[in-house]
1. Exactly one condition in (1) of a type in the set (A, V, I, L, M); (2) surrounded by fewer than 22 Cβ atoms within 10 Å (Cβ to Cβ); (3) over 24 Å from A184 (Cβ atoms) is not met by I220; state its number.
2. What is the one condition in (1) touching a residue at least 40 places away in the same chain (Cβ under 8 Å); (2) assigned to a strand (DSSP E or B) that R255 does not satisfy?
3. For the stretch 170-188, which residues satisfy the criterion of being touching a Phe, Trp or Tyr at 6+ places or on another chain (Cβ under 9 Å) and not polar (S, T, N, Q)?
4. Can you name the number of the only condition in (1) touching a residue at least 12 places away in the same chain (Cβ under 8 Å); (2) out of contact with any helix residue (DSSP H, G or I) (no Cβ under 9 Å at 6 or more places or on another chain) that R165 fails?
5. If I filter the stretch 166-185 for residues that are β-branched (V, I, T), under 27 Å from G36 (Cα atoms) and either in a helix (DSSP H, G or I) or touching an Asp or Glu at 6+ places or on another chain (Cβ under 6 Å) (or both), do I get at least one hit?
6. Looking at the stretch 1-85, what strands (runs of 3 or more DSSP E) fall wholly within it and have at least 1 residues that are over 19 Å from the mean Cα position of the chain (by Cα)?
7. Given the options R205, R175, name the one that is under 22 Å from A274 (Cβ atoms), at pLDDT 95 or above and either of a type outside the set (D, E, K, R) or in contact with a strand residue (DSSP E or B) (Cβ under 9 Å, 6 or more places away or on another chain) (or both).
Amino acid sequence: MSADLAADTAVRADPDHPHRYHLTLPDHWDYLMPSGGVVMTCALRAAEAALGSPVHRLASATTIFCAPLRSGPLVADVAVLRRGGSTAQVRVALRNVPAENKPAPGEGGEAGSGAADDAGLELLVTFCRDRKGPDVIGAAFPSTVRPLADAPDALDDSANNPHTRLRFYHQLDCRIADGDRWWAGGLAAGPARYARWLRYKVPQRDAEGRLDRLALPPLIDTMPTALHRAIGPGGYRFYAPSLDLTTHVVDDTRREWLLVAATVRRARAGWAIAEAEVWDDEGRFLAFGTQAMYLHGLSGEPPIIDASGR
């Protein structure tokens, strides 16, 4: 049975500490450790619960990953920074529940004050209410991607296929929209971009039946694949923990299949920056994300590559 992101990231209020929320994150959403986008969703759940205003919806959020977060019990301390008629802004510090005999989260500081010396992540999020304004389309649907009907399934028999090895991808249907199976041997290097059609096996819906905006960060947090494609075959292997992740949401959809088109702009000196666009399968632009990542080498020598003309 596939995991339900909404159930796995649901929060409950602490009856003894205002502005504090608890949850237990299972390991369904792990790469080596939980997806950064998923723990960002955990923090967003706490922010949304603390705000308690359904008309204010996720517009923009930035997460800084301060320390690794493990699956299991998590606690979030929330501070509502602004509660306006059109806009609300919230800060969240999310951390693992400390081991026995260690100080409780926020001890030595006021719960809800935003003090987070031991936080695994810090989130700043803006929620907005829909208002009258211009409707401008400024980005075109990516011209290089395969339509959903023509996109091959990402599953194959390769032992190195991350879609079969990693629990995170067990919760998604995945088709390759731009690029090849970079985990297979004998492939040529390509441009520093990669796109996949992704769909939650358990649909993620809000109370109005739309795609839950809080389900977008886990899909956006899949950008390192673009760097794999640019580097291509060879002895260099790496993994790329997130340093930060920013998500902007501009529209809604009731569709299930989403295109996540990622581009790495630059990798240098052990770091990389990337961006991702999110579209639905009717060509509606939904969200945009950016990320800085730490490149941890596993084997081989880091190559020098100019993929800008590919």
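The values are calculated or read from the model by the stated rules, or taken from the named source; none is laboratory data. Because the structure is a prediction, the values reported are computed rather than measured. Don't worry about glycine lacking a Cβ; one is built from the backbone with ideal geometry, like all the others, and counts go over all protein chains shown.
1. That leaves (2) as the condition not met.
2. So the condition that R255 fails would be (2).
3. Once the filter is applied, which keeps residues that are touching a Phe, Trp or Tyr at 6+ places or on another chain (Cβ under 9 Å) and not polar (S, T, N, Q), the stretch 170-188 yields L172, D173, C174, R175, I176, A177, D178, G179, W182.
4. For R165, the exception is condition (1).
5. Within the stretch 166-185, the subset β-branched (V, I, T) is 176.
Next, only the ones that are under 27 Å from G36 (Cα atoms) stay: 176.
So of that shortlist, the ones also either in a helix (DSSP H, G or I) or touching an Asp or Glu at 6+ places or on another chain (Cβ under 6 Å) (or both) come out as none.
No, the stretch 166-185 has no match at all.
6. The qualifying strands (runs of 3 or more DSSP E) are 20-25, 72-83.
7. The unique qualifying residue is R175.
Conditions (1) crowded, with 17+ Cβ neighbours inside 10 Å; (2) under 13 Å from the mean Cα position of the chain (by Cα), marked per residue:
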site	(1), (2)
T263	yes, no
G270	no, no
E275	yes, yes
G283	no, no
G297	no, no
G309	no, no
